[in-house]
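Okay, structure first, notes after.
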Amino acid sequence: MNRGLQVRDLTLQAGGTQIIKGIGFDVPAGSITGLAGESGSGKTMTGLSICGLHPKGARRGGRIEFEGRDLIGLSEREMNACRGNDIAMIFQDPSASLHPMLRIEEQLTDHFRFHERTTRRAARERAMSVLESLRVPDPASALRKYPHQFSGGQLQRIAIASAMMCGPKILIADEPTTALDVTVQAGILRLLRELCDEVGLAILLVSHDLGVMSAVADTLIVMRHGAIVESGTRLDVITSPKEPYTRSLIDALPAAAAPPVHRRSAPQASTRIELK
Ligand SMILES: Nc1ncnc2c1ncn2[C@@H]1O[C@H](COP(=O)(O)OP(=O)(O)O)[C@@H](O)[C@H]1O
Ligand SMILES: [Mg+2]
């Protein structure tokens, strides 16, 4: 069973600066937890700290609880085993997590084969089914292509596919739609929503854009200067923010992105991603 992730008193110190100042929140399974805040507030560092990918020389404190273990106490080797398998991350620029010179098939299957000790054929079948469930058109031909042959939106789908190969329990998505056109953005957000609803993934969605958050997040955490200033359900935070800082972020939204107050849509039966 996926019990998600619990962050407690997390700090990150680099040089003399405290980048993250003792924050705590939960990332429950089957839910999208939105981490919002203006640029430089510490959102990316929070995601990287959870994955153990914070800058070299920076020091973490506090606890990151996952399946009865504290990730902060893990050795590099143990964290490597966890990352990419139990906890996966995608970024604003999908090409950052994909190698430009390798075909999509290798990118999706190499780590999976190593980790699952399966045949090339079984790994390929898994890749096909993940791509299909993420609605990448013509998965067989997609596997033969290189990253530069895809549009930004398709490439983000492929990066998500790569993240989903080993059936992670936690997905950290750092500004996954920021570089994309608005229409393409909606498709990626819908996909994250489906992963959450259908396979019970625990998603931490990092975005400076409250418009994005108001479209998909279940709960919202607002960060400023490395600290959490406000958190609650999406509806509470967007419609009745307690902090003037949150209010200012909401007021900065374009009118067209005015927060919808609808409940999340029912899961769609068309997407099936099987967690092993
Ligand atoms: N490699 C690094 N080493 C030290 N400090 C960093 C590094 N990268 C970013 N920072 C600092 O950490 C703070 C938070 O940055 P970041 O998490 O990237 O913010 P956000 O994602 O919210 O825009 C900023 O003040 C930034 O200057
Ligand atoms: Mg960032």
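Values quoted throughout were computed directly from the atomic coordinates according to the rules given, and no laboratory measurement underlies them. Keep in mind that what you see is a predicted model, and the values were worked out from it rather than measured. For neighbour counting, all protein chains shown are included, and Cβ atoms are generated from backbone atoms with ideal geometry for every residue, glycine included.
Tabulated values for the structure
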{"read-out": "For residue 179, net neighbour charge (Lys/Arg +1, Asp/Glu -1) across residues whose Cβ lies under 14 Å away", "value": "-4"}
{"read-out": "Label point 7 Å beyond Cα of residue 56 along Cβ direction - residues of the range 88-110 with amide nitrogen under 18 Å", "value": "none"}
{"read-out": "Highest to lowest packing among 35-48, 115-128, scored as the average C-beta count within 10 Å", "value": "35-48, 115-128"}
{"read-out": "Spin-label model distance (nm) - residue 76 vs residue 103, 7 Å beyond Cα toward Cβ", "value": "3.4 nm"}
{"read-out": "Highest-first arrangement of 172-182, 231-241, where packing means the average Cβ count within 10 Å", "value": "172-182, 231-241"}
{"read-out": "Helix-only [θ]222 nm of the chain, DSSP H runs n ≥ 4, -39500 (n - 2.57) each, per residue, nearest 500", "value": "-11000 deg cm²/dmol"}
{"read-out": "Computed over the range 107-207: relative contact order in percent, which uses C-alpha pairs under 8 Å that are six or more apart", "value": "26 percent"}
{"read-out": "FRET efficiency for residue 69 and residue 236, using Cβ-Cβ distance with R0 set to 22 Å, rounded to 0.05", "value": "0.10"}
{"read-out": "In degrees, nearest ten, helix 182-199 long axis to first principal axis of the chain (Cα)", "value": "80 degrees"}
{"read-out": "Extension gain, residue 151 back to residue 120 (0.36 nm per residue minus Cα-Cα distance, nm)", "value": "8.5 nm"}
{"read-out": "Members of 43/145; 43/242; 56/145 lying beyond 28 Å, as alpha-carbon distances in this model show", "value": "43/145; 56/145"}
{"read-out": "Cα shape, the range 95-167, gyration tensor, a/c 1.5 rule", "value": "prolate"}
{"read-out": "Directionally averaged projected area (convex hull, Cα atoms, the range 27-83), nm²", "value": "4.8 nm²"}
{"read-out": "From the C-alpha gyration tensor of the chain, square roots of 5λ in Å", "value": "29, 23, 17"}
